[in-house]
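A short worksheet on the structure shown next.
Derivation of every value follows stated rules applied to the coordinates shown; laboratory data play no part. None of the values given here were measured: they were computed from a predicted structure. Using ideal geometry, Cβ is built from the backbone for each residue, glycine included, and neighbour counts are taken over all protein chains shown.
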Amino acid sequence: MTNKCEAYLFGQILGTHSFLLKDGFLKPDEYAEIKEQYFLPGGETGTAATVLDSLGVNVKMDGPWIGSEVAPMLNDFYKDKKVDLSSLTYTEDKGVMDYVVIAGLVRSPMGRFQALFSTGERWWNIPKEEDIEAARVAAVDPFFGAESLRVAELCGKHNIPYVTIDCRHDSYLHQHAAVNVVSKECTSQHYAGLAPEEIVEKMKQETDGLTILTQGGGEMLYARKDGPIRRMKPFDVEVRSTLGAGDTFKAGCVYGLLRGMSDDELVRFASACSAIAISRFPLPLNPPTLEEVEALISRR
């Protein structure tokens, strides 16, 4: 029998090699000193699971197959946390990893994802209905095609509200989501030439859920169908690393959904989570706690 969990997460889970540079970002033909480096859980879902655990939420996550170099690190990291890995599949290859070079506001991720996705072969799990049915809320990354769509369909079948990210206005995932968090990267790719207000207006008409448009350090816009577009400024913090900022925002939305927050409360909570995340490095070893988030909100 599947154990009950508060949040079910389906999406990208990997091992992230992160390198924080000492004196600014890389320059061609110039030496760069590494100040800190780590090999820790990453990916949109891996990072969100870490943050939700820190906020006191029981999580079950599923997604890519976990290879031999990633598995020991992943299992050791989560062994004392409220993150259930029992649905993951383990393989004998090295596993999915990325490499991220960071210097303050600037970061550059590297990997082999284009090659992986271009094979046409599935290297991730098929979601289990019993896992989704056992949850109170869910989050689904849109990267895994039919399997991501299957999560959304099963959430609908069992009345499980879900958070997603970077989904177009005409996608099933957006149209049935409780919350869709849309980043500047997504709007640049799919809505070039449109003003932020035009994008939100277009997206909110296609769903009964909440659309949130984030703009890095710029103002966030959010709205529902038939409602006005609202705005909120991010929290002002000293940035140490932006790695995981969006994933932490997603985790904050999952928490807000789980706790029945209003739209204003949810956006404010997610923004505070993200602000704390960018003020420290590495995020997996220093995720925001509920006390820290509430204290930051109370100081505004």
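Values for this structure:
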quantity	calculated
Counted charge near residue 281, where neighbours are those whose Cβ lies closer than 12 Å (Asp, Glu -1; Lys, Arg +1)	+2
Cβ-based charge dipole, the chain, positive-most Cα from 73, 287, 273	273
Which listed pairs, of 128/157; 79/128; 157/204; 79/250; 82/157; 202/250, have C-alpha distances above 18 Å, in listed order	79/128; 157/204; 79/250; 82/157; 202/250
Label-point separation, residue 295 to residue 29 (7 Å along Cα→Cβ), nm	4.9 nm
Proxy reagent accessibility, fewest Cβ within 10 Å first, across 247, 62, 23	23, 62, 247
Relative contact order (%) - criterion: Cα under 8 Å, at least six apart; region: region 140-247	18 percent
5 angstrom amide H check on residue 210, placed H, neighbours 5+ away	179, 180
Between region 1-77 and region 133-172, the Cα center-to-center distance that results, in Å	21 Å
Interatomic Cα distance distribution for region 92-196, bins of 5 angstrom, percent	2, 10, 17, 17, 19, 17, 12, 5, 1, 0
For q = 0.20, 0.26, 0.29, 0.33 Å⁻¹, Debye-computed log10 I/I(0) when each Cα of region 96-136 counts as one equal scatterer	-0.76, -0.87, -0.98, -1.11
From the C-alpha gyration tensor of the chain, square roots of 5λ in Å	26, 25, 20
Dimensionless Rg over Rh [region 216-300; C-alpha; Kirkwood]	0.96
Coordinate range along principal axes, alpha carbons of region 1-86, Å, largest first	57, 28, 21
Ranked 107, 136, criterion: other C-beta atoms within 10 Å, fewest first	136, 107
Förster radius 30 Å - calculated FRET efficiency between residue 130 and residue 81 (Cβ-Cβ, nearest 0.05)	0.85
Straight-distance crosslink candidates among lysines, where the alpha carbon sits under 16 Å from residue 22 and sequence neighbours closer than 8 are dropped	35
Segment residue 17-residue 237, length gained on full extension (0.36 nm per residue, minus Cα span)	76.7 nm
Full-extension gain in nm, residue 89 to residue 206, via 0.36 nm per residue minus C-alpha separation	38.6 nm
Under the Karplus curve 6.51 cos²θ - 1.76 cosθ + 1.60, θ = phi - 60°, whole-Hz ³J(HN,Hα) for region 187-192, x wherever Gly or Pro sits	5, 5, 7, 9, 10, 4
Ranked packing of 119-125, 206-212, most packed first, by mean Cβ within 10 Å	206-212, 119-125
